[in-house]
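What follows is calculated from the coordinates using simple rules that are stated; it is not laboratory data. No experiment lies behind these values; they were computed from the predicted model shown. All Cβ positions, glycine included, derive from the backbone under ideal geometry; neighbour counts span all protein chains shown.
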Amino acid sequence: MNRTDFKRLTKTRLQEVKALLNNHCWDGAYYLSGYIIECALKACIAKQTRRHDFPDRKTVNDSYTHDLTKLIVVSGMKTNLEHKMKLEPAFELNWQVLLGWNENSRYEPKLESEARGLFNAIVGRKHGVLTWIKRYW
């Protein structure tokens, strides 16, 4: 997988979540919404890899996770995230909503409000998490 693959997956999952929401499939929409951000962050990590360079082992190992907090660190965006949250309380709220997601969400039933809430936290034009990440990928 490379940066282009992760960007394509991000966009594909975004379309899938829209279809799931339109068809009242809350559980799947919730899970894939978090996966959108995972893919977007992995695109940011891939961007850091220089062509023909061999990445260090810790970066590689730390990249193979579903933990969004760890992926922010590996992507090198933690300081930017903290700064953005200080400046924009609405963005911080969206990030906190996103942190409720984890890989085990795929096994949990979700309400419509949870699925739509997470999706909106991601795609909001001004304070959406994906909107912010796209500036770095």
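Here are a few things to note about the model shown:
- Cβ-derived FRET efficiency at R0 22 Å, K70 paired with R50, nearest 0.05: 0.50
- Scoring 22-29, 41-48 by mean Cβ neighbours within 10 Å over their residues and listing the highest first yields 41-48, 22-29.
- Charged side chains reduced to their Cβ positions (Lys and Arg at +1, Asp and Glu at -1) give the chain a dipole of some 700 debye around its Cα centre.
- CD proxy at 222 nm, helix term only [per DSSP H run n ≥ 4: -39500 (n - 2.57); per residue of the chain; nearest 500]: -21000 deg cm²/dmol
- Listed cross-link partners K7/K84; K86/K110; K11/K126 are compared with a 24 Å cut-off, the Cα-Cα value being larger for K86/K110.
- Hull-based mean projected area of the chain, where the convex hull spans the alpha carbons, in square nanometres: 8.0 nm²
- On Cα atoms only, tilt of 112-123 relative to the major axis of the chain in degrees: 40 degrees
- Subtracting the Cα-Cα distance of Q96 and K126 from their residue separation scaled by 0.36 nm leaves 9.2 nm.
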